[in-house]
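> I'd like to ask you about the structure that follows.
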Amino acid sequence: MSLYQRGETWWAYIVHNGQRIRRSLATSDRKEAQRKYDELKASLWTERVAGHSFYSAMVAWLKEADRGDEDKYRLAAFKDNYPDRPLSEVTAESIEQALADKTPATYMRYRNLLVAILNLAKRNGWVEKIPRLSVRKQPPGRIRFLTREEACRLITELPDHLATMAAFALATGLRQANVTHLEWSQVDMVRRVTWIHPDQSKSRKPIGIPLSNEAMAVLKGQEEKDDRWVFPYRGKPIDKIKTAWGKALERARIENFTWHDLRHTWASWHIMNGTPIEVLQKLGGWSDIRMVLRYAHLAPEHLAQYAGNTAPYSPKVEAKRVA
């Protein structure tokens, strides 16, 4: 009962922010009462949404639950291209313009993150409806990986702080954020293992990674640089890998290659050297084996032992039988 009459006077009943509001509309005219009721609702709505901007919605979403580092870094990067504004001024066009230079896969990661934030704002009553962001289909595309010679060229051209991180990524398959923000508390040099906490992994599960000789060599070269961070840059983790990376790729004559392709390279080298699919899945922390099967075609040799299982069929033998 939102609009009702007591005697000849119309009253409003509204639940606002969990509170029941009953107020006389001081009129006996039904149409006038409806107009005043609508004005009252609008004023209460304005009071509620006032002060809630897109950035405040981001903060609320981050505080609602434990969020992974990748989500935090992605939001920090998005803020550089998307100035704060009232939630009512957040449009699909403005968001898609800020993400115009992203690949379909990267765009979808940002899109899903922003939709989650806007849905929370809607549930809180800060915005009446949220914009519909377009979906970009991801083409199947080829897996991009480096040869050993290309990897050596790239690391040679990278500045020292990026070269060590790239070498470690090639030795462990860790994602960019897991390398740039790796802490010594996550490394056991004696047991030769490092681990990624659940809130730092894409699968939201802890990942334990054995360290190869190559990975250990990189870590030993970093031991005296910082007490907390394994790969510090001017005393703190590096946030963006962009300009120096791009210039190094040009000098190394490597095209269409991203930092994440270092992980593809690591996985491809594993498969081509005989690492079983199920082992690679555990090493890379994939929760879905379908993500690992993308690399299976790179090592068809492991199927060779089964190629002769149609024996004793032989065209010549069968021809004699028919004759």
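> Positive end of the dipole of the chain, charges at C-beta (+1 Lys, Arg; -1 Asp, Glu), about the Cα centre: which of Gln176, His161, Trp286 has its Cα farthest in that direction?
Trp286
> Just the projected area, averaged over all directions, of the convex hull on the alpha carbon atoms of the chain: how many nm²?
Working: hull surface 116.7 nm².
Orientation-averaged projected area of the Cα hull: 29.2 nm².
> Using DSSP to define loop residues, name the trypsin sites (Lys or Arg not before Pro) in the range 127-216 whose beta-carbon has at most 12 other beta-carbon atoms within 10 Å.
Numbers: sites: Lys129, Arg132, Arg136, Lys137, Arg142, Arg144, Arg148, Arg153, Arg175, Arg191, Arg192, Lys202, Arg204; in loops: Lys129, Arg132, Arg136, Lys137, Arg142, Arg144, Arg175, Arg191, Arg192, Lys202, Arg204.
Hits after loop and neighbour filter: Lys129, Arg132, Lys137, Arg142, Arg191, Arg204.
> Still on this structure, I have one more. What distance in nm separates the simple spin-label points at Glu93 and Arg204, each placed 7 Å from Cα in the Cβ direction?
Distance between the two pseudo-spin positions: 3.6 nm.
> How high is the FRET efficiency between Thr9 and Ala60 when r is their beta carbon distance and R₀ equals 41 Å, given to the nearest 0.05? Mind showing how you got there, number by number?
Numbers: r = 40 Å, r/R0 = 0.98.
E(calc), rounded to 0.05, equals 0.55.
> Let me ask another. Please compute the Cα-Cα pair-distance distribution of the range 148-298 with 10 Å bins starting at 0, giving whole percents from short to long.
Histogramming the range 148-298 at 10 Å steps yields 10, 41, 37, 11, 0 percent.
> Please go through the residue pairs Lys63/Lys137; Lys122/Lys202; Lys41/Lys72; Lys137/Lys236 and name each one whose alpha carbons sit more than 29 Å apart in this structure. It would help to have the intermediate numbers written out before the result.
Numbers: Lys63/Lys137 31 Å; Lys122/Lys202 26 Å; Lys41/Lys72 36 Å; Lys137/Lys236 36 Å.
Exceeds cut-off: Lys63/Lys137; Lys41/Lys72; Lys137/Lys236.
> Take the alpha carbon atoms of the range 80-142, find their center, do the same for the range 267-293, and report the distance between the two centers in whole angstrom.
First find each Cα centre; the distance between them is then 32 Å.
> Would you compute, from DSSP H runs of 4+ residues alone, the mean residue ellipticity of the chain at 222 nm, taking -39500 (n - 2.57) per run and dividing by the full residue count, rounded to the nearest 500?
Working: 13 runs with 144 residues, N = 323.
Taken over the chain, the calculation gives -13500 deg cm²/dmol.
> Apply 1/(1 + (r/R0)^6) to the Cβ-Cβ distance of Arg109 and Leu298, taking R0 = 22 Å, and write down the FRET efficiency to the nearest 0.05.
Here the calculated transfer efficiency is 0.30.
Since every read-out is calculated from the coordinates, none of them should be taken as a lab result. On a predicted model such as this, the values are computed, not experimentally measured, just so you know. Note that each Cβ is placed from the backbone with ideal geometry, even for glycine, and that neighbours are counted across all protein chains shown.
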